[in-house]
Amino acid sequence: MAIKSDRWIRQMALEHGMITPFEERLISKGVISYGLSSYGYDVRVSNRFKIFTNVNATVVDPKQFDPRAFVEFEGEVAIVPPNSFVLGVTVEYFRIPRNILTICLGKSTYARCGIIVNVTPFEPEWEGTATLEISNTTPLPAKIYANE
């Protein structure tokens, strides 16, 4: 297993477009951090969300998903209902090299607030923006900040 350093990530992003847009340094002042860090890259969630709701009394069925189970929302702050989740998409677009498999983990900043992020691995040669499932495990509404 080879773990790639921040220098390798920077080179692949700048020379091969592995991450676009690419922030060459970690931005953390006044925001939930994003950008290049040692041995990793902190992605951002865009301002487009699908908020899970049960106002239409739908049943969640992974074989036949009912689109009425979500309300589409665009804005700088998404409110995740208690014990619920939202779907988001990364700001960054990825082009994963053939010999690389990546994993994406939730930020500890959110985890300390009961917010859990689930993302499937970015497989070799996968390309696109990543879908983020952001779960609120608390009995209180929770804020998710776009572009952070």
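Just so it is clear, none of the values below were taken in a lab; they were calculated from the coordinates. Since the structure is predicted, the reported quantities are computational estimates derived from the model, not experimental observations. FYI the Cβ positions are ideal-geometry reconstructions off the backbone, even for glycines, and counts take in every protein chain you see.
What to note about this one:
- Extension reserve of the Trp8-Glu72 stretch, reckoned as 0.36 nm per residue once the Cα distance is removed: 19.4 nm
- Degrees separating the helix 6-16 axis from the principal Cα axis of the chain, which is the longest one: 90
- Identified option (computed Rg/Rh (Cα atoms, Kirkwood Rh); candidates (i) 0.99; (ii) 0.97; (iii) 1.03): (i)
- Full extension of the chain between Glu24 and Lys143 yields a length gain of 40.2 nm, computed as 0.36 nm times the residue separation minus the alpha carbon distance.
- Full-stretch length increase - Ala111, Val31 - with 0.36 nm per residue and alpha-carbon distance subtracted: 27.2 nm
- Local electrostatic count, Glu133, Cβ distance below 15 Å [Lys/Arg +1, Asp/Glu -1]: +3
- Taking a sphere under 10 Å around the Cβ of Glu23 and counting the other residues whose Cβ falls inside, with K and R at +1 and D and E at -1, yields a net charge of -1.
- Efficiency of FRET between Lys63 and Asn99 - r from beta-carbon atoms, R0 22 angstrom, step 0.05: 0.05
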